[in-house]
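Since the structure comes first, as structure tokens, the remarks are kept for the end.
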Amino acid sequence: MKPKIEDVAKVAGVSPTTVSRVLNNRGYIGEKTREKVHQAMEELNYYPNEVARSLFIKKTFLIGLIFPTTSNPFYGQLIFHLENIAAELGYKVLLCNSQGREDKERSYLKMLQRNQVDGIIAGAHNKGIEEYEDPNLPVVGIDRYLSKKIPVVSSDNYQGGKQATTLLIHKGCKNIIHINGPISLETPANMRRKAYEDVMRSHQLTPLTYEYDSNESILSRVFDENPKVDGVFASDDLIASRVMQEARRRGIDIPTQLKVVGYDGTETTRLLLPELSTVEQPIRDIAVNALEILLKQINKEDDFKSETIIPVKLIESDTTRK
């Protein structure tokens, strides 16, 4: 028979009320008493009823995560930190992979609300989802403007774009191309493009931007239409890696003939492409700030900014060194 709270109380030599207070962390409980209760729970293999506990304290200790993919190294590392830090704070996460689809994102939003998560951290790609306009629970966006009511956390995209473009210019590049994702997405990452354009114009150079999508033929166009290209600033490291592959396929030497800078600097990319110069995002700091703001909302605190921007770091390596 499944043990009950009364059984734990009997083994621990305390009252059922004391056991309940230990489980719900309510009121003062001496450390020795707390240890006795936990030892009794372990001895009896007792697990508290999380549903009943949630109803009692009006919290589920669940956080929903909605991201477009788990295969991208940036999202993979970010989710890793979010899950670990949430666990340290006593929360579990429900991970939703929207695959960049609006219908899946809407479905996941409704599912998370039905399951009464305490809050949501979202970094999905779709815009215009009305559920974000009047959320009935706390939400934080990561690198996404979900609505005017939802705070957002991102790296300093403008400074990152400025550092990347300036590096290429200082290395002697004059025909620099920027490749980014769809500009139609309302995301702080668009500031990378703005910084690139500002820096280029400040040096009397002409900016030229291509929008990258899953159709990699865009990279052939970049080189076919711009035979004099000598520098590429890619808005993420995956795009940068594909630029390098295309350049090598064409016999273009990196960095003698072409210099490349990426963006993200994830642990995976640094391991597999240590030669790539990149702008490193403070991924763990992004996770820490997103969870901190979400918990403030959950706890009905309002001392947080609508937008949090975290400094980046330029890492120079072989793709720009000569």
*Determine which member of the set GLU197, GLU131 is among the acidic types (Asp, Glu) and in contact with a helix residue (DSSP H, G or I) (Cβ under 6 Å, 6 or more places away or on another chain).*
GLU131
_If I filter the stretch 154-163 for residues that are part of a loop (DSSP other than H, G, I, E, B) and out of contact with any Asp or Glu (no Cβ under 8 Å at 6 or more places or on another chain), do I get at least one hit?_
yes
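Given the criterion of a type in the set (Asp, Glu), closer than 16 Å to TYR158 by Cβ and part of a loop (DSSP other than H, G, I, E, B), identify the matching residue among GLU197, GLU186.
Numbers: GLU197 fails: part of a loop (DSSP other than H, G, I, E, B).
One residue alone meets the criteria, GLU186.
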*Give just the number: which of (1) at pLDDT below 85; (2) more than 21 Å from the chain's Cα centre (by Cα); (3) on the phi > 0 side of the Ramachandran plot does GLY100 not satisfy?*
(2)
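Here's the yes/no breakdown for (1) of a type in the set (D, E, K, R); (2) at pLDDT below 95; (3) farther than 30 Å from THR308 by Cβ; (4) open to solvent by 20 Å² or more (accessible area, probe 1.4 Å):
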| site | (1), (2), (3), (4) |
| --- | --- |
| ASN136 | no, yes, no, yes |
| GLY141 | no, yes, no, no |
| GLN159 | no, no, no, yes |
| ILE169 | no, no, no, yes |
| ARG201 | yes, no, no, yes |
| LEU205 | no, no, yes, yes |
| ASP213 | yes, yes, no, yes |
| ILE218 | no, yes, yes, no |
| GLY231 | no, no, yes, no |
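Would you be able to tell me the number of residues in the stretch 182-199 that are closer than 17 Å to VAL260 by Cα and open to solvent by 20 Å² or more (accessible area, probe 1.4 Å)? Step through it out loud before you land on a result.
So in the stretch 182-199, the residues closer than 17 Å to VAL260 by Cα come out as 192-193, 195-197, 199.
When the remaining residues are screened for being open to solvent by 20 Å² or more (accessible area, probe 1.4 Å), the result is 193, 197.
Number satisfying all stated conditions: 2.
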*Can you tell me which residues in the stretch 199-253 are touching a residue at least 40 places away in the same chain (Cβ under 8 Å) and among the hydroxyl-bearing types (Ser, Thr, Tyr)?*
SER235
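Would you mind stating whether ILE150 is open to solvent by less than 30 Å² (accessible area, probe 1.4 Å) and closer than 27 Å to ARG221 by Cβ? Break it down stepwise before answering.
Values: open to solvent by less than 30 Å² (accessible area, probe 1.4 Å): yes; closer than 27 Å to ARG221 by Cβ: no.
When the stated conditions are applied, ILE150 does not pass them.
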*What do you reckon, is ARG270 surrounded by fewer than 16 Cβ atoms within 10 Å (Cβ to Cβ) and at negative phi?*
no
*asked:* Among the numbered criteria (1) open to solvent by 50 Å² or more (accessible area, probe 1.4 Å); (2) at negative phi, which one does ILE298 miss?
replied: (1)
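The values are calculated or read from the model by the stated rules, or taken from the named source; none is laboratory data. This is a predicted model, so every value here is computed, not measured. Every residue, glycine among them, receives a Cβ derived from its backbone with ideal geometry; neighbour counts consider all protein chains shown. Side chains are part of the model used for accessible areas, which takes the heavy atoms of the whole protein and leaves out ligands, DNA and RNA. Shrake-Rupley method; radii C 1.70, N 1.55, O 1.52, S 1.80 Å.
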